[in-house]
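Step one of this worksheet: look at the structure below.
No lab work stands behind these numbers, since they all come straight from the coordinates. Everything numeric in this text was worked out from a predicted model, so none of it was measured. In this analysis, Cβ positions are derived from the backbone assuming ideal geometry, glycine residues included, and neighbour counts consider all displayed protein chains.
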Amino acid sequence: MPASSGQPDIAGQRAAAVPSSLAPDGLGALRHLLASDEDLTRLAAAWGRSPVLLSASEAATRLVTFGDIETWINAGNLRTGQIELVLDGQHPPGGIFGDRNFYGRKRTGYVDPAKVQASLARGATLELYTIEDWHAGSARLCRALALALRAQVHAFVFLSRLGRGGRKVHRDAGHTFVIQMAGSKIWEVFDGLPDKDNGSPAPIDKTRVGTEQIYYVPVGSPHRALADSKYSLHVTLSITEPPLRALVTAWAGSFTSAFRQTQWISGSREQRLAEVQDWTEKMIASLRGHSPEELLDRMENEWIEPKADWISLE
Ligand SMILES: [Fe+2]
């Protein structure tokens, strides 16, 4: 296992020029995670279309270390939603949470390091969710990428033992950008999900992702990954662009913001129909009254996560 190192400062750097009109405008913000301009060109060509194996920059592979994860587990501050152990698609028996004693005051629901260790020994995969909530390097990185890509960007950690993975074949809502920190993993990407009648489809891509490599899986592509070394540690950056419903929500939010709380569609069916007709016309007028630029800005501002910068106390 690699030793723990200091926090890399890999966020907030200038975005490189985007090499492909197919890519989102901000894709160059990922350049500092990649080893070369050529990697960025290859990523841009693959973005949203096909998986691609890339080389990581040194800064990317220093984002999270085994030492960081040991610290987080031993500190015992993680709670449900932040950490999961998964064995064959299930939570291991006995769970991983317990009580803590804060200077004589008992508090429940904190991760128990000994239970985590026992689950790992049984072969469970450790999964940490949205580590940007408590890890400065990931927080700065995710925030910078979110602003550049106008997307939700979250960071997850996966630690698996040989032959193990986390989840079965699944789809994710975001583009998956995997940074292999230690060990290696075999990734398989499929053109469909397994079903009862036909079983698992043959993978359309099977790639061994080693340390200091990055693997990109387009949004919506079914995939799974199994460790190919004694331990595999990777960080996934999940990049989720705004869905159509975010556009509708953004407009609806602006439309309803002027309403009183006590405004009803009230009365008999006939009266309600008249109300609905009246409001439908107002909604159409409201939609026409917004420029696409205004709606896009509103939608993106509501969608982007993390919402805030990692604060400095100096
Ligand atoms: Fe996934």
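Here the simple spin-label model places points 7 Å from the Cα toward Cβ, and for Ile204 and Arg100 these points are separated by 4.5 nm.
For the chain, what is the relative contact order in percent, using Cα pairs closer than 8 Å and at least 6 residues apart in sequence? Write down the numbers at each step before the final one.
Working: 626 pairs, mean separation 59.0, N = 314.
It rounds to 19 percent for the chain.
Given points 7 Å out from each Cα along the Cα-Cβ axis, report the Ala75 to Glu314 separation in nanometres with one decimal. So the label points at Ala75 and Glu314 sit 2.0 nm apart.
About its Cα centre, the chain has a charge dipole of approximately 900 debye under the convention of +1 per Lys or Arg Cβ and -1 per Asp or Glu Cβ, with nothing else charged.
Among 118-131, 264-277, what's the highest-first ranking by average C-beta atoms within 10 angstrom per residue? All intermediate terms of the calculation are to be shown ahead of the outcome.
Working: 118-131: 19.1, 264-277: 10.6.
Put in order of decreasing packing, that is 118-131, 264-277.
Could you please state, rounded to a whole Å, how far the C-alpha centre of the range 278-314 is from the C-alpha centre of the range 92-155? That distance is 31 Å. Label reach from Asp25 (point 7 Å along Cα→C-beta): in the range 147-178, amide nitrogens under 14 Å belong to 147-151.
Rounded, prolate or oblate: pick one for the range 1-241, where a ≥ b ≥ c are the square roots of the eigenvalues of its C-alpha gyration tensor, a/c under 1.5 means rounded, and failing that, prolate if a/b is larger than b/c, else oblate. Judged from the Cα gyration tensor, the range 1-241 comes out oblate (a/c at least 1.5, b/c at or above a/b). If R₀ is 45 angstrom, what is the calculated FRET efficiency for the pair Ala118 and Val248, using the beta carbon separation as r and rounding to 0.05? E between Ala118 and Val248, to the nearest 0.05, is 0.45.
Considering only DSSP beta bridges with both partners in the chain, what is the antiparallel share in %, to the nearest 5?
About 95 percent, rounded to the nearest 5.
Packing here is the average count of other Cβ atoms within 10 Å per residue, and on that basis the peptides 177-189, 61-73, highest first, run 177-189, 61-73.
Normalising the average separation of contacting C-alpha pairs (under 8 angstrom, six or more residues apart) by the number of residues puts the relative contact order of the range 13-157 at 21 percent.
May I ask you to order 143-155, 195-207, 216-228 by the average number of other C-beta atoms within 10 Å around their residues, highest value first? List each step's numbers first, then the result.
Values: 143-155: 22.2, 195-207: 11.5, 216-228: 19.8.
Going from most to least packed, we get 143-155, 216-228, 195-207.
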